[in-house]
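Data first, discussion second: the structure below is written as structure tokens.
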Amino acid sequence: MLHRLFPTFLLLGAAILAGAGCTKSEPEHGVGPQSDAGPERRAGPVSGVDYHSFANTGDYRVRHLDLDLTVDFSRKVLEGEAILQIERLNEENNPLVLDTRGLSIESVRAGNGEHFEETAFSLTDSDDILGQALSIELPGDATTVAIRYRTDPEASGLQWLEPRQTAGKRHPFLFTQAQAIHARSFVPLQDTPGVRITYNATIRTPRDLRAVMSANNDPDAGQDGVYRFSMPQPIPSYLLALAVGDLEFKAMGKRTGVYAEHELLDAAAAEFADTEAMLEITEDVYGPYRWDRYDLLILPPSFPFGGMENPRLSFITPTVIAGDKSLVSLIAHELAHSWSGNLVSNATWRDLWLNEGFTTYLTKRIMQFVYGDDRYDMEMALDYADLQTALADLDDSDEILAIDVRGRDPDDVFSDIPYVKASLFLYELEQKIGRADFDRFLLDYFNEFSFQSITTEDFLAYLERTLLKTHMELLDVDRIHEWIFEPGIPDGAPHPRSDAFTRLDPVRRSWLDGDTPAADIDSSAWTYHEWKYFLDGMPEALSDAQLRDLDQAFALTASTNNEIAFSWLRIAVRNDYQPAYARLEDFLTSIGRNKFLMPLYQELMDAGNADMAIRIFEKARPGYHPLTVKRNSKIIYAEDAEDAEDPQDAE
Ligand code: BES
Ligand code: ZN
């Protein structure tokens, strides 16, 4: 499917740019191995060019957004006005091209600071991946554009939840998820991480609900149905975020707190009580936290990710509230993005590894500071094992950090590569030059590029003028290029290990050999980490007797830790262990986190259990996020995204 879309997408993008006579921002960079691709090879992506935006960022830059939106739960639409302040970068007076998806545009006015006048606009046909380009004619003196619009009830970046999908069961809930290219489905803008904007917003909600945003939330705001926000620090569009629900607030520390439904509030505040400590230690090592407050928002379980680093307010799945803080590295991860990602952002989706890889590296360090060396070792080793599994399945081209995402949906390019491979690269640099120097390097890097969006080549150029000068004898530029531009992991890369896990290997072996029954294994001190290592290291095929032995001894089917349940259910599906199927169905219909759902549906398909996969998926589908529906449809129906709308077609 991706191959089929590729030419359409390129032609469409090119046609729009050529037809409108607009200037797509030319990269200022262009170094790096891909620039010398010969004519016989398909030319590589150009550094700094965002292939996922129609916006003519070479002509105009949006600098500020004023939003005024009404949240209509009965029609499932956001409706109102977006006013964009734009800067002109040349005298050409081309139309302004914005990104949209599924937006109904009612009117567009252009203004020069004194008055507004209606102006002509047009929308292109919709591209499956990119949506529609909105082209706006601008008078020569225009500095402001006001767009009245409403969103589609099926908007890809919104999920509208029925009361029964919430913890309280009494009120509806709405949340946005803009990363990677879904902001355009709820605001018309230059939807590219290379452009940063400040914003103000007025959000009008039903009176009994509260709105929160990736902005200055006020826990004491009166609940009168009108909420005003401002985000004074410039952010890329993928960090725009809004949620509306029956939310309460509880402080955890001076600068940290949690928003959640009443039913989850205390449990969440207890689970994440170390957030303030994480924030302080990260500041000590990597420089000041630049976003004022750091709060968490606990979403309903259909949230499609573990977490999303929306500035000042990370969005968090409730599935990590395990009762024992065993899964709080997710919080360290989203917090770390306040430096790696939100302060220094990827300029295009090819550069995502700069966000997620640095964040994965920082996450481990934060966990070590707060919880100690054993946990650090275990979490490093678990990531490493996941990376090995991922590498076994990926095409070479998908193992490259600076990945070629042209013609592809960024939602489909997700893997452990930008996360774990990239963090292993940073870990190798740390090992080579020593922690103290590497910490200093990161601190300087965050300062150097704060509130900027950078490319892989910007990072390389920075390395050239810093570490590659100061630590010349310890580092090798060819090896660094191998990490970034070649598939796989370079020979001799670090291999993180954990003593706690090494001790588990003979235990697992002895059980597999039938020498030790599960009941004789002393697992009383195991945390989630040991369980995950123990289970994920099992061979593919286990007998029914073995599965029963494990389940009877450890009650794995009943585990309330979602990560343990997930690892166990994967084994159960693979081996057709029927006593776990009721739990599997419950898990798949009550949780929307793709990290769990996609592998489980894939295992069902691989095990020849397509009927069960389809039945459960169709039952759960009305409660799933649009992204969850799209991604899992591809697994279950092996179908194109556009057909995924209608399950009837697919069967
Ligand atoms: N920013 C990501 C989530 C994301 C990435 C959404 C790309 C859309 C496109 C977030 O920070 C993340 O990495 N979440 C992980 C956390 C995990 C690695 C600790 C998740 O949701 O599982
Ligand atoms: Zn992340």
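With just the Cα atoms defining each centre, how far is the stretch 114-190 from the stretch 425-457? Give it in Å. Rounded to whole Å, the Cα centres lie 36 Å apart.
Based on protein heavy atoms only, the chain ends up with 38 Å² per residue of surface accessible to a 1.4 Å probe. Its Cα centre serving as origin, the chain has a Cβ charge dipole (Lys and Arg +1, Asp and Glu -1) of approximately 1240 debye.
Mind jotting down a quarter of the surface of the convex hull over the alpha carbons of the stretch 294-438, in square nanometres, one decimal? Kindly include the intermediate steps, with their values, before the conclusion.
On the way: hull surface 38.5 nm².
Taking the Cα atoms of the stretch 294-438, their convex hull projects to 9.6 nm² on average.
The simple Förster model, with R0 at 35 Å and r as the Cβ-Cβ distance, assigns ASP478 and VAL285 a FRET efficiency of 0.70. For THR516, the residues whose modelled amide H falls within less than 5 Å of its own, excluding neighbours fewer than 5 places apart on the same chain, are TRP511. Neighbours of GLU464, meaning other residues whose beta-carbon lies under 15 angstrom from its beta-carbon, give a summed charge of -3 when Lys and Arg score +1 and Asp and Glu score -1. Shape summary: the chain maps onto an equivalent ellipsoid whose semi-axes, from the alpha-carbon gyration tensor, are 39, 30, 25 Å in decreasing order. By the compact-protein rule of thumb, 2.2 N^0.38 Å, the alpha-carbon radius of gyration of the stretch 120-210 corresponds to a ratio of 1.33. The trypsin sites (Lys or Arg not before Pro) found in the stretch 142-200 that occupy coil by DSSP, while having at most 12 further C-beta atoms within 10 Å, are LYS169, ARG170. Kirkwood analysis of the stretch 174-309, using all unique Cα-Cα pairs, places the hydrodynamic radius at 15.9 Å.
Each listed q (0.22 Å⁻¹) maps to a log10 I(q)/I(0) for the stretch 505-628, found by the Debye formula over equal Cα scatterers with no solvent: -1.32. Simple rule: put +1 on each Lys or Arg Cβ and -1 on each Asp or Glu Cβ in the chain, find the dipole, and look at PRO234, PHE554, ASN355; the Cα lying farthest toward the positive end is PRO234.
Each Lys and Arg Cβ is given +1 and each Asp and Glu Cβ -1; about its Cα centre, the stretch 159-316 then shows a dipole of about 600 debye. Rounded to the nearest 5, what is the percent of antiparallel bridges among the DSSP beta bridges in the chain? Within the chain, antiparallel bridges account for around 75 percent of the total. The string of couplings for the stretch 197-213 from the Karplus curve (6.51, -1.76, 1.60, θ = phi - 60°) is 10, 9, 8, 10, 8, 10, 10, 9, 10, x, 4, 8, 10, 10, 9, 10, 9 Hz, one whole number per residue in order, with x for Gly and Pro.
Summarising the amide proton neighbourhood of VAL77: residues at separation of 5 or more, or on other chains, whose placed amide H is nearer than 5 Å comprise ASP72.
Rounded to the nearest 500 deg cm²/dmol, what is the calculated helix-only ellipticity per residue at 222 nm for the chain, with -39500 (n - 2.57) per DSSP H run of length n ≥ 4? After summing the helix terms and dividing by the residues of the chain, the value is -11000 deg cm²/dmol.
Cross-link reach is defined here as a Cα-Cα straight distance under 27 Å, omitting same-chain residues fewer than 8 places apart; for LYS421 the lysines meeting it are LYS325, LYS364, LYS432, LYS469, LYS532, LYS595, LYS630, LYS634. By the rule of a C-alpha distance below 20 Å, with chain neighbours fewer than 8 residues away ignored, the aspartates and glutamates paired with LYS169 are ASP72, ASP208, ASP246, GLU248, GLU261, GLU263, ASP266, ASP586. Centre-to-centre, using Cα atoms only, the stretch 547-579 and the stretch 231-248 are separated by 38 Å.
The alpha carbon centroids of the stretch 403-421 and the stretch 321-350 are separated by 17 Å. Pairwise Cα separations in the stretch 325-396 fall into 5 Å bins from 0 onward with the following percentages, short to long: 3, 16, 22, 21, 19, 14, 5, 1. Sparse packing (at most 13 other Cβ atoms within 10 Å of the Cβ) combined with a DSSP loop state is found for the following GluC sites (Glu not before Pro) in the stretch 469-576: GLU473, GLU540. Rg/Rh, computed from the Cα trace of the stretch 581-620 with Rh as the Kirkwood radius, has the value 0.91. Pairwise Cα distances in the stretch 380-493 exceed 22 Å for 37 percent of all pairs.
The values are calculated or read from the model by the stated rules, or taken from the named source; none is laboratory data. Treat the numbers as computed from the prediction; the structure is a model and nothing was measured. Glycine also receives a Cβ, built like all others from the backbone with ideal geometry; neighbour counts cover every protein chain displayed. Ligands, DNA and RNA are excluded from the accessible area calculation, which covers all protein heavy atoms including side chains. Shrake-Rupley method; radii C 1.70, N 1.55, O 1.52, S 1.80 Å.
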